[in-house]
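Remarks on the structure that follows.
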Amino acid sequence: MKILVTGSSGLIGSEAVAHFDAKGHEVVGVDNNMRRVFFGEAGDTLWNLERLKATTKRFRHFAADIRDRQAVEELFEAHGFELIVHCAAQPSHDKAREIPLLDFEVNALGTMQLLEATRRYCRDAVFVFMSTNKVYGEAPNEIPMKELDTRYDYARTEDFDGVNESCRIDRTMHSLFGASKAAADLAAQEYGRYFGMKVGVFRGGCLTGPAHSAVELHGFLSYLVKMTSIGGTYSVFGYSGKQVRDNIHSYDVVRAIEEFATNPRPGEVYNLGGGRKNSVSMLEAIAKVEALTGRKLDWRYIEEARKGDHICYISDMGKFKKDYPKWEITRGLDEILQEMVSGRGKAAG
């Protein structure tokens, strides 16, 4: 296949490039290192681009901006893409409040331009949009919860597996990032349902792995490993450090994309996370990383939680597993952490 990956120097994008290149596909990557614009030097992804150039065989990189309609149309007109993996984004829930227009242009307008270019130039292609669980806003916080010694958890047995796709996405605070991604999420669904295109939407939980350019405003697990390993103060925002996230390795994300591409369901939405087995609270994550590194983390507690943040979020993966039974989680939480700790020094940032 000829595959387009946007955000190809980022965590999921680079994993997709490496995976599909290794399988013999021709991969075109689009990434203009906007992560450095968003987060400064620590967010720079050029190290990852250089890694891909050195290790792949068929990968071609374009430093294009997905907000540039002419550049997007020219790229699509020149290539007959069969699969589009759209990972490019302004990814930080907190950063968006400082750059609301840029956030919306990248996340919503950029996605619309890619969808429309797909419709015009390669309508039969599969289009996978990496959305986020932040489209649910604070609605998951309305699920009854109980406070345990080191974490929050769901109080009712029927919520044990976590949040499913029936959770509403409106009438709740999202953060501006959540709102811009929700706009793109709905647009992507519409291109699937209204135009009958092969569009799938993945609402990611905490996506992680060793190729993350970790910064404080995005990528909590990777940044936690970084701060514990090299020293530095880590901030925990609210909920007594007992807020819970489920974590999924970038490889398992790309495998889900691959499974969807083999049998696309137009306009379908799936939650994508590590599930209960890969869930961890901040307190638990700190303890695990300290044990792995043999170092104590210098962390401070900030009483005020971030706006639009989740108290406990575990992705219910039942729908995706039912539709794509060949897919499974292959990387457990401890293995993910060990890989990131071992990988410190191999990756920049």
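Some observations on this one:
- Karplus 3J(HN,Hα) series, Hz, for segment 108-122 with 6.51 cos²θ - 1.76 cosθ + 1.60 (x for Gly, Pro): 8, 5, x, 5, 4, 5, 5, 5, 5, 5, 4, 4, 7, 10, 8
- Förster radius 45 Å - calculated FRET efficiency between Arg119 and Lys146 (Cβ-Cβ, nearest 0.05): 0.45
- Under a 5 Å amide H cut-off, with hydrogens placed 1.01 Å from N, Phe127 pairs with Ile84, Lys198, Val199, Gly200 among residues at least 5 apart or on other chains.
- Residues listed by number, segment 241-264, amide nitrogen under 19 Å from Arg97 label point at 7 Å toward C-beta: 241, 243
- Å² per residue, accessible surface of segment 238-349 at 1.4 Å: 43
- Within the shell defined by Cβ-Cβ distances under 12 Å, the residues around Arg255 carry a net charge of -2, with Lys and Arg each +1 and Asp and Glu each -1.
- Residues whose amide H lies under 5 Å from that of Val30, counting only those 5 or more places away or on a different chain, are Val5, Thr6, Gly7, Ser8, Phe62; hydrogens are built 1.01 Å from N in the peptide plane.
- Rounded tilt (10° steps) of 46-55 against the dominant C-alpha axis of the chain: 60
- Between Asp334 and Ala54, the FRET efficiency from the beta-carbon distance, with R0 = 25 Å, is close to 0.25.
- Most fluctuating residue given options Phe76, Phe160, Phe237, as computed from a GNM of the chain linking Cα atoms under 10 Å: Phe160
- For segment 56-70, backbone phi angles converted through the Karplus equation (6.51, -1.76, 1.60; θ = phi - 60°) give residue-by-residue couplings of 9, 10, 10, 7, 10, 10, 10, 8, 9, 10, 5, 7, 8, 4, 4 Hz, Gly and Pro being listed as x.
- Taking amide H atoms as placed 1.01 Å from N in the peptide plane, the amide H of Thr132 lies under 5 Å from those of Gly204, each 5 or more residues away in sequence or on another chain.
- Three-way shape call for segment 1-128 based on the alpha-carbon gyration tensor, with the a/c threshold at 1.5: oblate
- For segment 256-266, 3J(HN,Hα) per residue [Karplus equation, 6.51 cos²θ - 1.76 cosθ + 1.60, θ = phi - 60°, Hz, x = Gly/Pro]: 5, 4, 4, 5, 4, 5, 6, 8, x, 10, x
- Local electrostatic count, Thr172, Cβ distance below 10 Å [Lys/Arg +1, Asp/Glu -1]: -1
- Highest-fluctuation residue, Gly192, Gly332, Gly204 considered, GNM on the chain with Cα pairs under 10 Å: Gly332
- Lysines whose Cα lies under 26 Å from that of Lys307, excluding same-chain neighbours fewer than 8 positions away: Lys95, Lys134, Lys146, Lys181, Lys226, Lys242
The values are calculated or read from the model by the stated rules, or taken from the named source; none is laboratory data. Keep in mind that this is a model prediction, so the values were computed, not measured. Glycine gets a Cβ as well: all are built from the backbone with ideal geometry, and neighbour counts include every protein chain shown. In case anyone asks, the SASA skips ligands and DNA or RNA and just uses the protein heavy atoms, side chains included. Shrake-Rupley method; radii C 1.70, N 1.55, O 1.52, S 1.80 Å.
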